[in-house]
1. Taking the residues in segment 56-76 that are surrounded by fewer than 11 Cβ atoms within 10 Å (Cβ to Cβ) and part of a loop (DSSP other than H, G, I, E, B) as candidates, determine which candidate is farthest from the chain's Cα centre (by Cα).
2. Which one is modelled with the highest pLDDT, of the residues in segment 77-136 that are assigned to a helix (DSSP H, G or I) and among the aromatic types (Phe, Trp, Tyr)?
3. Residue check: is TRP23 modelled with pLDDT under 85, among the hydrophobic types (A, V, I, L, M, F, W, C) and more than 17 Å from the chain's Cα centre (by Cα)?
4. Scan segment 36-59 and tell me whether some residue there is farther than 30 Å from MET1 by Cα, of a type outside the set (A, V, I, L, M, F, W, C) and in contact with an Asp or Glu (Cβ under 9 Å, 6 or more places away or on another chain).
Amino acid sequence: MIKRICKRCGKEFLAKPYHVKKWGAIYCSRDCSNKSTALREEKSPHWKGDNVGYCGIHDWLKTHYGLAKKCEQCGSKKNVQWAKIKGVPYKRRRENFWQLCTKCHLDYDGTMVKKGWNKGMPWAKTIREKISIGTKLGMKKVGYNVKL
């Protein structure tokens, strides 16, 4: 057994040589290991600050401000989501986001379907193959030119 000192609590403990070689044996117990690795936000070694992607920013919003509750455009309480305000960078600031329902979010982003379903664009072959016959029949009834 090898004498080691716990990185978190400073207590001396004995570790098997195999554990020292394989894992470093830097904590005296699982409790110390869990408490040491459960660092959040700025204290975490994986913290990226504002240099983070879409999912990281939205996770941060949900953690600090909860789920979006009421559309700030129309007042709807159904299907509300966080939307980034145009022209501002992705940063961890509440004032860069507002709560919009799905319809208002699509209108705001300019992605509302204008020429019918799928914006009139052709589908990729793999997607065409995955669409069921029932869906294709229903689309044909509505007026889409779909091969069965």
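The values are calculated or read from the model by the stated rules, or taken from the named source; none is laboratory data. For clarity, every value in this text was computed on a predicted model and none was experimentally measured. Backbone-built Cβ (ideal geometry, glycine too); neighbour counts: all protein chains shown.
1. Pass one, segment 56-76, residues surrounded by fewer than 11 Cβ atoms within 10 Å (Cβ to Cβ): 63-64, 66-67, 69, 75.
Those left that are additionally part of a loop (DSSP other than H, G, I, E, B): 66-67, 69, 75.
On the way: GLY66: 14, LEU67: 13, LYS69: 18, GLY75: 25 Å.
In this case the residue turns out to be GLY75.
2. Start the filter on segment 77-136 by keeping residues that are assigned to a helix (DSSP H, G or I), which leaves 94-96, 102-109, 117-120, 125-130, 133-136.
Now narrow it down to the ones that are among the aromatic types (Phe, Trp, Tyr): 108, 117.
Numbers: TYR108: 77, TRP117: 51.
Among them, the one singled out is TYR108.
3. Working: modelled with pLDDT under 85: yes; among the hydrophobic types (A, V, I, L, M, F, W, C): yes; more than 17 Å from the chain's Cα centre (by Cα): yes.
Taking the combined requirement at face value, the residue satisfies it.
4. Yes, segment 36-59 contains a residue that is farther than 30 Å from MET1 by Cα, of a type outside the set (A, V, I, L, M, F, W, C) and in contact with an Asp or Glu (Cβ under 9 Å, 6 or more places away or on another chain).
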